[in-house]
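Q: Below are the structure tokens for one structure; questions will follow.
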Amino acid sequence: MIVFQTIADVIRTCLGPRAMMKMLLDPTGGIVMTNDGNAILREIQVQHPAAKSMIEISRTQDEEVGDGTTSVIILAGEMLAVAEQFLEQQMHPTIIISAYRQALEDMLDTLKEISTPVDTSDRSMMLKIVHSAINTKALSRWSELACGIALDAVRTVELEDNGRKEIDIKKYAKVEKVPGGIIEDSCVLKGVMVNKDVTHPRMKRMIREPRIVLLDCSLEYKKGESQTDIEISKEEDFARILQMEEEYIQQICEDIIRLKPDLVFTEKGISDLAQHYLMKANISAIRRVRKTDNNRIARACGARIVSRTDELREEDVGTGAGLFEVKKIGDEYFTFVTECKDPKACTILLRGASKEILAEVERNLQDAMQVCRNVLLDPFLLPGGGAVEMAVSKRLTERSRALTGIEQWPYRAVAQALEVIPRTLIQNCGASTIRVLTSLRAKHTQDNSVCWGVDGETGCLSDMSSLGIWEPLAVKAQTYKTAVETAILLLRIDDIVSGHKKKDKEEQMGGQGCVDA
């Protein structure tokens, strides 16, 4: 139990708008500065097997809903802490587990009851929700800019197919970090940016309304998969081989030129001869583009990626982009395909003073985009600031009175454990924990006080609906599920057996035997 408490205590100060940051040294000697629960635990090295499972739940939370990584660790640690007294009283873990299971079902039902639906087309409301997520991060100083960026990016990649919404942030909303400038220079591009330059210096670096062709084949002569030897008996044969190579490249370039594109992207290489032919036809070419970048360009400008040049058709050409240009930022060249008509992919360009700041801003933005995505997929909201925890805790305490037998005690303990979130918020902003928490409990006994929670900035009681602090239902539900299920899983463990010690001893004995001989 001490292990979980230790991990929860490390993370505890990272909750809320007054959160402290942690500075971590990674194995390569770089530094990470963050208050994101998942990012901290990812860098911490632990030996205890149960502690590793705690770290795993933070990652699960991050992958599933992208936010609430700190709350889930604090809550899971508290769930196990309140179970300790029952284990000391010789209560069987199975009884505690069944009480926890029952409590989890009731918690999820209560969440659905107190949640309020949201109109996802209301931009100001959506910005408020994202603001609540960003407010606890280092990015809170630029929250208006960050909220706008996150919302625009998610709206861009939103795709509705056969009545099913698909929002794939990981694939289609790429964050490009360019050190230099200031954070206010960051923006969402209506298109895609790639860290590449044109292959030939005389190719055009700016084209209005380009016709774009995307390839994933190389524009050079095919080399054999394995080592190939050719024996030549006559001198003309060698000239013929060179001629065949040139004819092949000329043929694939003619296949491309036939469609009159202005711009060619390929995932493989482009030979010097192919560059020459394309330049003569006034076509700009960019080579060795990543597959993920190629997919994004395809979604942004409406082109199709083609594997063979002889299969190129008119419908494969992308005409959705308004502008292609190559710009130099710092000492690197970047290709921009922007002003797209209806892009379904975008690039978020981040500027900032140093790599560490940019890495933290990117983590915060990812959380904000995940929150947007959750609300668009499941448009229900809950009040933030510990108000939900207090409301659910009150509901569980009421229901525990109807239970009979010893299961009611662990069930009631879950209600107590939930209070750790408002308690931590109060602690982190330096207010009097006991006084504020007692008055919050008293407030929740009154009618229509579900939205009352702790203002994380001042530590006073506030109505969260008037402050505009909201959280998506998906994040809260996932936090509770993950925390309680982890507690259940770890309560099932009654012993930890190490499989290493005996083996090491045998090796030592064997080693000593050799010395004696």
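Q: Take residues that are surrounded by 16 or more Cβ atoms within 10 Å (Cβ to Cβ) and tell me which of the strands (runs of 3 or more DSSP E) falling wholly in the stretch 199-318 contain 3 or more. Break it down into steps so the answer makes sense when it comes.
A: Working: elements: 206-208, 212-215, 263-266, 284-286.
Answer list for the stretch 199-318: 212-215, 263-266, 284-286.
Q: Taking the conditions exactly as written (within 30 Å of Ile406 (Cβ to Cβ) and either more than 19 Å from the chain's Cα centre (by Cα) or at pLDDT 90 or above (or both)), does Leu25 satisfy them or not? Steps first, answer last, please.
A: Working: within 30 Å of Ile406 (Cβ to Cβ): no; either more than 19 Å from the chain's Cα centre (by Cα) or at pLDDT 90 or above (or both): yes.
Judged against the criteria, Leu25 is not a match.
Q: Only one of (1) under 26 Å from Asp293 (Cα atoms); (2) at pLDDT below 85 fails for Gly224. Which number is that?
A: Unmet for Gly224, out of (1) under 26 Å from Asp293 (Cα atoms); (2) at pLDDT below 85: (1).
Q: Let me ask another. Kindly establish whether Glu158 is outside the structural domain of Gly320 (by the TED database), without any contact (Cβ under 8 Å) to a residue 24 or more places away in the chain and of a type in the set (Asp, Glu).
A: Working: outside the structural domain of Gly320 (by the TED database): yes; without any contact (Cβ under 8 Å) to a residue 24 or more places away in the chain: no; of a type in the set (Asp, Glu): yes.
No; evaluated as a whole, the condition is false for this residue.
Q: Something else about it: Kindly provide the set of residues from the stretch 477-498 that are open to solvent by 90 Å² or more (accessible area, probe 1.4 Å) and farther than 18 Å from Asp106 by Cβ, ordered by number.
A: In the first step, residues of the stretch 477-498 are kept if they are open to solvent by 90 Å² or more (accessible area, probe 1.4 Å); the result is 485, 489, 492, 494-497.
If the condition is that a residue be open to solvent by 90 Å² or more (accessible area, probe 1.4 Å) and farther than 18 Å from Asp106 by Cβ, then Leu489, Arg492, Asp494, Asp495, Ile496, Val497 are the ones that fit.
Q: Shifting gears a bit: Look at Ser71 and say whether it is under 30 Å from Arg401 (Cβ atoms) and open to solvent by less than 40 Å² (accessible area, probe 1.4 Å).
A: Working: under 30 Å from Arg401 (Cβ atoms): yes; open to solvent by less than 40 Å² (accessible area, probe 1.4 Å): yes.
Yes; evaluated as a whole, the condition is true for this residue.
Q: Going through Leu349, Leu323 one at a time, which residue ends up being among the hydrophobic types (A, V, I, L, M, F, W, C), touching a strand residue (DSSP E or B) at 6+ places or on another chain (Cβ under 7 Å) and outside the structural domain of Arg205 (by the TED database)? Steps first, answer last, please.
A: Details: Leu323 fails: outside the structural domain of Arg205 (by the TED database).
Just a single option satisfies the conditions, and that option is Leu349.
Q: Among the residues that make up the stretch 86-97, is at least one of them among the polar types (S, T, N, Q), in a loop (DSSP other than H, G, I, E, B) and buried (at least 18 other Cβ atoms within 10 Å of the Cβ)?
A: Taking the stretch 86-97 and keeping what is among the polar types (S, T, N, Q), we get 89-90, 94.
If we keep only those that are in a loop (DSSP other than H, G, I, E, B) as well, we get 89-90.
Retained after the next criterion (residues that are buried (at least 18 other Cβ atoms within 10 Å of the Cβ)): none.
No - not one qualifying residue is present in the stretch 86-97.
Q: Additional query: Kindly provide the set of residues from the stretch 58-68 that are buried (at least 23 other Cβ atoms within 10 Å of the Cβ) and either aromatic (Phe, Trp, Tyr) or assigned to a helix (DSSP H, G or I) (or both), ordered by number.
A: We begin by selecting, within the stretch 58-68, every residue buried (at least 23 other Cβ atoms within 10 Å of the Cβ); these are 58, 61-62, 65-68.
Ser58, Gln61, Asp62 - these are the residues of the stretch 58-68 that are buried (at least 23 other Cβ atoms within 10 Å of the Cβ) and either aromatic (Phe, Trp, Tyr) or assigned to a helix (DSSP H, G or I) (or both).
Q: Picking from Leu381, Leu323, which residue would you name as being open to solvent by less than 20 Å² (accessible area, probe 1.4 Å) and under 27 Å from Val450 (Cα atoms)? Break it down into steps so the answer makes sense when it comes.
A: Numbers: Leu323 fails: under 27 Å from Val450 (Cα atoms).
Just a single option satisfies the conditions, and that option is Leu381.
Yes or no, residue by residue, for (1) within 21 Å of Ile256 (Cα to Cα); (2) under 16 Å from the mean Cα position of the chain (by Cα); (3) in contact (Cβ under 8 Å) with a residue 60 or more places away in the chain:
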site: Ile134; (1), (2), (3): no, yes, yes
site: Leu139; (1), (2), (3): no, yes, yes
site: Arg164; (1), (2), (3): no, no, no
site: Gly181; (1), (2), (3): no, no, yes
site: Ile207; (1), (2), (3): yes, no, yes
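Every residue, every condition in (1) within 18 Å of Glu389 (Cβ to Cβ); (2) open to solvent by 10 Å² or more (accessible area, probe 1.4 Å); (3) assigned to a loop (DSSP other than H, G, I, E, B); (4) modelled with pLDDT under 85, yes or no:
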site: Arg42; (1), (2), (3), (4): no, yes, no, yes
site: Glu84; (1), (2), (3), (4): no, yes, no, no
site: Ala99; (1), (2), (3), (4): no, no, no, no
site: Asp106; (1), (2), (3), (4): yes, yes, no, no
site: Trp142; (1), (2), (3), (4): no, yes, no, yes
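Q: Report yes if some residue within the stretch 63-84 is free of Cβ contacts under 8 Å to residues at least 60 places away in the same chain, touching a strand residue (DSSP E or B) at 6+ places or on another chain (Cβ under 9 Å) and assigned by the TED database to the domain that holds Thr486; otherwise report no.
A: no
Q: Any residue in the stretch 37-52 that is touching a helix residue (DSSP H, G or I) at 6+ places or on another chain (Cβ under 7 Å) and among the acidic types (Asp, Glu)?
A: No, the conditions are met nowhere in the stretch 37-52.
Q: Looking at the structure I just gave you, is Met21 among the hydrophobic types (A, V, I, L, M, F, W, C) and open to solvent by 10 Å² or more (accessible area, probe 1.4 Å)?
A: When the stated conditions are applied, Met21 passes them.
The values are calculated or read from the model by the stated rules, or taken from the named source; none is laboratory data. Quantities reported herein were computed from a predicted structural model and do not represent experimental measurements. Don't worry about glycine lacking a Cβ; one is built from the backbone with ideal geometry, like all the others, and counts go over all protein chains shown. Surface accessibility is based on the protein's heavy atoms, side chains included, excluding ligands, DNA and RNA. Shrake-Rupley method; radii C 1.70, N 1.55, O 1.52, S 1.80 Å.
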